[in-house]
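Peer 1: Before anything else, here's the structure in question.
The values are calculated or read from the model by the stated rules, or taken from the named source; none is laboratory data. Note that this is a predicted model, so its numbers are computed, not measured. Positions of Cβ are backbone-derived with ideal geometry, glycine not excepted, and every protein chain shown enters the neighbour counts.
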Amino acid sequence: MTATSDAGTSPAAATAVPVSPGNARRLPRRSPWGHPWFLEGFTWLYLLWSLAPIVIAVLFSFNNGRSQSAWQGFSWRWYFTDHTNSVLHNPQLHAAVSQTVRLSVLTTLIAVPLGVAFALGLNRWRGSLPATFNFVMLLSYVIPELIFGVSMFFVFTTLFTSVHLGTLAEVLGLVTWNVSWPAIIVQARLATLGRQYEEAAADLGANQFQVIRRVLLPLLAPAIFASAVLVFSGVIDDFVIVDLLSSSAGNTPMSVIIYTTQHGGNGGPALNALGSIMLAMSLAIVILGYIGYRLLSRGERGGLDALTAIVGEG
């Protein structure tokens, strides 16, 4: 009986491999449209069109001469070796870099804690009034930045005249504009976490301060860090608000200096060097933000670990 069934089995059937769900997932999938040559070519063309001007501008920031069309040799002249026109020694360009860093740090240090507090309040506050405030928080994504900047200009020049145009007005305007980023990101994180960890911590004897410090903040750390990166990088290249609220060259950031100088036809390799520094700062913040977010997400303590950590404190 066995021999007959073996003999009757065809070679194809004997060598056939049953297709399991795991094997089916490993089988190559062919697109019904064939290889998307046109889409790939269009993507590469777009990337080249977008990145080529940036690469050229950065390249000529290292040009030894003043020309922005003829290469005259590699040099750090426009960054720090030229004692008159370089970014390091030109008072206007050096002040622009310092002002940009100052505005980014101050705005981040103020806007992120306020945004986290707003997110916690809106998440815990029930009713029609908090829903209205939440809608108002989203208006910064709808209102044009030019309209907001002009409004802030009139606020400081006609209503709160004690706040003069300059660094203080710029920081207040940037904080008002960017506070919605941490508020919305942290609210999204709170919606995914739920209330179970806080309730369990309270059942273990933790007070409200311990719940926030030992449970809630560690769980919100990735969202808070991502918010800080977004706010910091957004302030670096902000133009409209800082342009309307600045008062002198001493509190004018890099974006405004680049626009006004190049718009007046006085741009040169030193201006390319300033733009390259601005680009490097943005890229560095994005890279550090990505690495930090990955580390925080990977090393994030689970809810049960956070709860057991407060037992000794409770």
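Peer 1: Out of S162, S247, S233, S180, report the one residue that is hydroxyl-bearing (S, T, Y) and closer than 24 Å to L122 by Cα. Please lay out each step first, then the result.
Peer 2: Values: S162 fails: closer than 24 Å to L122 by Cα; S247 fails: closer than 24 Å to L122 by Cα; S233 fails: closer than 24 Å to L122 by Cα.
Result: S180 is the single residue among S162, S247, S233, S180 that is hydroxyl-bearing (S, T, Y) and closer than 24 Å to L122 by Cα.
Peer 1: Something else about it: In the list V256, V286, which residue meets the criterion of being within 29 Å of T157 (Cβ to Cβ) and either surrounded by fewer than 19 Cβ atoms within 10 Å (Cβ to Cβ) or in contact (Cβ under 8 Å) with a residue 60 or more places away in the chain (or both)?
Peer 2: When all the criteria are applied, what remains is V256.
Peer 1: Testing N178 on (1) touching a Gly at 6+ places or on another chain (Cβ under 7 Å); (2) modelled with pLDDT of 90 or more; (3) farther than 22 Å from L106 by Cβ, one condition comes back false. Which one is that?
Peer 2: Result: N178 fails condition (3) only.
Peer 1: Quick one: is F153 in the same structural domain as S247 (by TED's automatic domain parsing), surrounded by 15 or more Cβ atoms within 10 Å (Cβ to Cβ) and at pLDDT 85 or above?
Peer 2: Here the answer is yes, as F153 does meet what is asked.
Peer 1: Being modelled with pLDDT under 85 and among the aromatic types (F, W, Y) is the filter here; which residues of segment 32-70 pass it?
Peer 2: W33, W37, F38
Peer 1: How many residues are among the hydroxyl-bearing types (S, T, Y) and closer than 18 Å to F80 by Cβ if we restrict to segment 242-291?
Peer 2: Total meeting the criteria: 1.
Peer 1: Which residue is surrounded by the most Cβ atoms within 10 Å (Cβ to Cβ), if the candidates are limited to segment 48-68 and must be touching a residue at least 24 places away in the same chain (Cβ under 8 Å) and within 25 Å of the chain's Cα centre (by Cα)?
Peer 2: A57
Peer 1: I've got another one for you. Can you list residue pairs whose Cβ atoms sit under 7 Å apart, with the first residue in segment 204-231 being charged (D, E, K, R) and the second being assigned to a helix (DSSP H, G or I) and crowded, with 19+ Cβ neighbours inside 10 Å? Count only pairs 6 or more apart in sequence or on different chains.
Peer 2: Close Cβ pairs satisfying both conditions: R214/A306.
Peer 1: For W71, indicate whether it is over 18 Å from V171 (Cβ atoms), surrounded by fewer than 18 Cβ atoms within 10 Å (Cβ to Cβ), outside the structural domain of R195 (by TED's automatic domain parsing) and of a type in the set (F, W, Y).
Peer 2: Details: over 18 Å from V171 (Cβ atoms): yes; surrounded by fewer than 18 Cβ atoms within 10 Å (Cβ to Cβ): yes; outside the structural domain of R195 (by TED's automatic domain parsing): yes; of a type in the set (F, W, Y): yes.
Spelling it out, W71 is indeed over 18 Å from V171 (Cβ atoms), surrounded by fewer than 18 Cβ atoms within 10 Å (Cβ to Cβ), outside the structural domain of R195 (by TED's automatic domain parsing) and of a type in the set (F, W, Y).
Peer 1: Scan segment 233-253 for residues that are part of a helix (DSSP H, G or I) and of a type in the set (S, T, N, Q) and jot them down.
Peer 2: Listed by number, the residues that qualify are S233, N251.
Peer 1: Looking at (1) modelled with pLDDT under 85; (2) over 14 Å from S104 (Cβ atoms); (3) surrounded by fewer than 18 Cβ atoms within 10 Å (Cβ to Cβ), can you tell me which one L307 breaks?
Peer 2: Going through (1) modelled with pLDDT under 85; (2) over 14 Å from S104 (Cβ atoms); (3) surrounded by fewer than 18 Cβ atoms within 10 Å (Cβ to Cβ) one by one, L307 breaks only (3).
Peer 1: Also: Would you check which residues across segment 156-199 are crowded, with 16+ Cβ neighbours inside 10 Å, farther than 24 Å from S255 by Cα and of a type in the set (D, E, K, R) and list them?
Peer 2: Once the filter is applied, which keeps residues that are crowded, with 16+ Cβ neighbours inside 10 Å, farther than 24 Å from S255 by Cα and of a type in the set (D, E, K, R), segment 156-199 yields R189, E198.
Residues checked against (1) out of contact with any strand residue (DSSP E or B) (no Cβ under 6 Å at 6 or more places or on another chain); (2) closer than 30 Å to I212 by Cβ; (3) touching a residue at least 12 places away in the same chain (Cβ under 8 Å):
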position: L109; (1), (2), (3): yes, yes, no
position: F135; (1), (2), (3): yes, yes, no
position: Y141; (1), (2), (3): yes, yes, yes
position: E145; (1), (2), (3): yes, no, yes
